[in-house]
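*Asks:* What follows is a single structure, and I will ask about it in a moment.
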Amino acid sequence: NADTAMYHAKDSGRGNFQFFTPHMNVAAQQRLMLENALRRAIDNGEFELHYQPIYDLRDRSITGLEALLRWHPPGRDSVPPSDFIPAAEESGLIVPIGEWVLREALKQAKAWQSAGRPLFIAVNVSASQLARSSFVERLRHMLHHTGIDPALVELELTERVIVEGVGESRSTLDQVAALGVGIAIDDFGTGYSGLAYLKRFPIDTVKIDQSFIRDLTVDPDDAAIVTAIVAMAKSLGIDVVAEGVETQEQLEALQRLGCHRAQGFLLGRPMSARDIDKLLGAAAAAA
Ligand code: C2E
Ligand code: MG
Ligand code: MG
Ligand code: MG
C-alpha cells in the first residue's frame, strides 16, 4: 500500500533516495521502500503472530489455531499480510520472515502444550521458503529445539506451491511428513490444479477456500462444490476445514453437508496469544 511505503521512505534515511531516478516509475519506488521497511522489520521486532481458533463444530471445541502474521510499523496502523506478503515473496524476504514465523509459532505452541493445552498449530509456508534446500533440516532443528510434539504442527501450503514444485516439493513434503508434521492445502479449490496430487502427496487436511463458503446458503453451485470436496476428502482419508465462516446459516449448512471443522469471524477472529489464553481459560471454566 502506497501510503505505508511512502512513510517508510521518510524515516529510512536520505541514502535511500539515491535509488530513485526519473526513469524509475512510482510503483517501483514504492516497492523498493516497502522492501527496505520489511528488511528492517525483523530486526526491529515489528512482527507479531495472531492466532485464529479452528473449531470442531460437533462440540464447539477448539482443536487448533492458525498462526497469522501481523506487521506493526513504528507509529503506524498495522499492515495486513495481503499488503506485504507479495513484496516479501518477490524480494526473497519471505524466507527470513517465514523462518521467524515458524520459530515463533512453535515456541508459542510449546508453551500451550506445556500448560496442558495441546492444540495443534497451523503455519502458512510460502513456495520460496519450502523450496530452500535447508527447509526440512531447519524445521527438524526447530522441532527438536522447542521440544514440541510434531503431531501438533501443520504446515499450510497452497496448491500452486505443490504443483509448481512437483518433483522437489514431493520429496520435501515426504520428508516433512516423515518428521510427523501435518500438511494442509490452503485455499483449496482455487488452484485449478486437478486433484491427482491429493493421493500422490502426503496431505492431511484441505481447507476449503472462503470464496466457496461466502454464498454457500444462496448459491447451489457452491453447495455442490463443498459437498464434492467433503465426499472426496472423506474417501481419501483427508480432513476438511471450512475457512471464512461468518454466519450461523453458513455454519449450519456446513454441518448438514458433513463438514465438521471450521474457522471464521463467526467463531473467533485472529487474536493475540494473550487473548487466546483468556479464551481457553473461559472455555475451560465453562466446561
Ligand atoms: P490464509 O492462510 O487463507 O488465512 C486466512 C485469512 O482469512 C486470514 O487473513 C484471516 O484473518 C481471514 N479470515 C478468517 N476468518 C475470516 C472470515 O470469517 N471472513 C473473512 N473475510 N476473512 C477471514 P489474513 O490474516 O489477512 O492473512 C491473509 C493471507 O496472508 C493468509 O491467507 C495467508 O495466505 C497469508 N499469510 C498470513 N500469515 C502468513 C505467514 O506467516 N506466512 C505466509 N507465507 N503467509 C501468510
Ligand atoms: Mg492459511
Ligand atoms: Mg486460506
Ligand atoms: Mg499424513
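*Asks:* If contacts are Cα pairs under 8 angstrom and at least 6 residues apart, what is the relative contact order of the chain in percent?
*Replies:* Working: 413 pairs, mean separation 44.1, N = 287.
Reported relative contact order: 15 percent.
*Asks:* Using alpha carbons only, what's the Rg to Rh ratio of the range 133-216 with Rh from Kirkwood?
*Replies:* On the way: Rg = 13.8 Å, Rh = 13.7 Å.
We get a ratio of 1.01 for the range 133-216.
*Asks:* If I take all pairs of Cα atoms in the range 231-287, what percentage of them are more than 12 Å from each other?
*Replies:* Cα-Cα pairs in the range 231-287 separated by more than 12 Å: 72 percent.
*Asks:* Which translational diffusion coefficient, to the nearest whole µm²/s, is obtained for the range 177-282 from the Stokes-Einstein equation, given a Kirkwood hydrodynamic radius over C-alpha pairs, 4 °C and 1.567 mPa s? List each step's numbers first, then the result.
*Replies:* Numbers: Rh = 14.8 Å.
After rounding, the answer is 88 µm²/s.
*Asks:* Shifting gears a bit: Treating only the Cβ atoms of Lys and Arg (+1) and Asp and Glu (-1) as charged, compute the dipole magnitude of the range 62-166 about its Cα centre; round to the nearest 20 debye. Don't skip to the answer; put the middle values down first.
*Replies:* Numbers: 10 positive and 13 negative charges, 89 e Å.
That gives the range 62-166 a dipole magnitude of about 420 debye.
*Asks:* Now for a different question. Using alpha carbons only, how many degrees (0 to 90, rounded to 10) separate the axis of helix 2-11 from the longest principal axis of the chain?
*Replies:* That helix lies at roughly 50 degrees to the long axis.
*Asks:* Given a 1.4 Å probe and every protein chain left where it sits, what share in percent of the accessible area of the chain is carbon and sulfur? Working shown, then result.
*Replies:* Values: 7340 of 14000 Å².
Whole-percent figure for carbon plus sulfur exposure: 52.
*Asks:* Related question: List, largest first, the extents of the alpha carbons of the range 39-121 along their principal axes, each in whole Å.
*Replies:* On the principal axes, the range 39-121 reaches 42, 26, 25 Å in Cα extent.
*Asks:* Still on this structure: With a 1.4 Å probe and all protein chains left in place, how much accessible area per residue does the range 17-135 have, in Å²? Walk me through the numbers on the way to the answer.
*Replies:* Numbers: 5550 Å² over 119 residues.
Counting only protein heavy atoms, the per-residue value for the range 17-135 is 47 Å².
*Asks:* Still on this structure, please answer the following. Return the Cα extents of the chain along principal axes one, two and three, sorted largest first, each rounded to a whole Å.
*Replies:* 60, 43, 40
*Asks:* OK, next. Would you mind pulling out the separation of the Cα centroids of the range 220-287 and the range 53-84, in Å?
*Replies:* 15
*Asks:* Also: Sort the following peptides by mean Cβ neighbour count (other Cβ atoms within 10 Å, averaged over residues), highest first: 94-101, 113-120, 26-33, 181-188.
*Replies:* Numbers: 94-101: 19.5, 113-120: 14.5, 26-33: 16.4, 181-188: 22.4.
The peptides rank, most packed first, as 181-188, 94-101, 26-33, 113-120.
*Asks:* Within the range 191-279, which chymotrypsin sites (Phe, Trp or Tyr not before Pro) sit in a loop by DSSP and count at most 14 neighbouring Cβ atoms inside 10 Å? Could the numbers behind the result be given before it?
*Replies:* Numbers: sites: Tyr192, Tyr197, Phe212, Phe265; in loops: Tyr192, Phe265.
Answer by residue number: Tyr192, Phe265.
*Asks:* Still on this model: For the range 247-287, what is the accessible area per residue in Å², given a 1.4 Å probe and the full set of protein chains?
*Replies:* Values: 2210 Å² over 41 residues.
Here the per-residue accessible area is 54 Å².
*Asks:* Test of understanding: express the Cα radius of gyration of the range 73-187 as a ratio to 2.2 N^0.38 Å, with N the residue count. Before the final figure, lay out each step's value.
*Replies:* Details: Rg = 14.6 Å, N = 115, 2.2 N^0.38 = 13.4 Å.
It is 1.09.
*Asks:* Right, another one. Under the rule of -39500 (n - 2.57) per DSSP H run of 4 or more residues, summed and divided by the residues of the chain, what mean residue ellipticity at 222 nm is obtained, to the nearest 500 deg cm²/dmol? Show your work: numbers first, answer last.
*Replies:* Working: 13 runs with 145 residues, N = 287.
Rounded to the nearest 500, it is -15500 deg cm²/dmol.
*Asks:* Mind listing the Cα extents of the range 101-158 along all three principal axes, in Å, largest one first?
*Replies:* 34, 22, 17
*Asks:* Hey, what angle do you get for helix 220-236 against the long axis of the chain, alpha-carbon based, 0 to 90 degrees rounded to 10?
*Replies:* 80
*Asks:* Tell me, what is the per residue accessible area of the range 161-213 in Å², probe radius 1.4 Å?
*Replies:* Dividing the accessible area of the range 161-213 by its residue count gives 43 Å².
*Asks:* Here is a further query. Count the lysine pairs in the chain whose Cα atoms lie under 28 Å apart, taking only pairs 8 or more positions apart in sequence or on different chains. Don't skip to the end; give the middle numbers.
*Replies:* On the way: Lys107/Lys207; Lys107/Lys278; Lys110/Lys207; Lys110/Lys278; Lys199/Lys207; Lys199/Lys234; Lys207/Lys234; Lys207/Lys278.
Taking the chain as the scope, the lysine pair count is 8.
*Asks:* Show the residues, 5+ positions off or on another chain, whose built amide H is closer than 5 Å to the amide H of Ala242.
*Replies:* Here Ile208, Arg261, Ala262, Gln263 satisfy the definition.
*Asks:* Tabulate in residue order the Karplus-calculated ³J(HN,Hα) for the range 271-277, using 6.51 cos²θ - 1.76 cosθ + 1.60 with θ = phi - 60°, rounded to whole Hz; enter x for Gly and Pro.
*Replies:* 8, 5, 4, 5, 5, 5, 4
The values are calculated or read from the model by the stated rules, or taken from the named source; none is laboratory data. The structure displayed is predicted, hence computed values, not measured ones. Here Cβ is always computed from backbone atoms with ideal geometry, including for glycine, and neighbour counts include all displayed protein chains. Side chains are part of the model used for accessible areas, which takes the heavy atoms of the whole protein and leaves out ligands, DNA and RNA. Shrake-Rupley method; radii C 1.70, N 1.55, O 1.52, S 1.80 Å.
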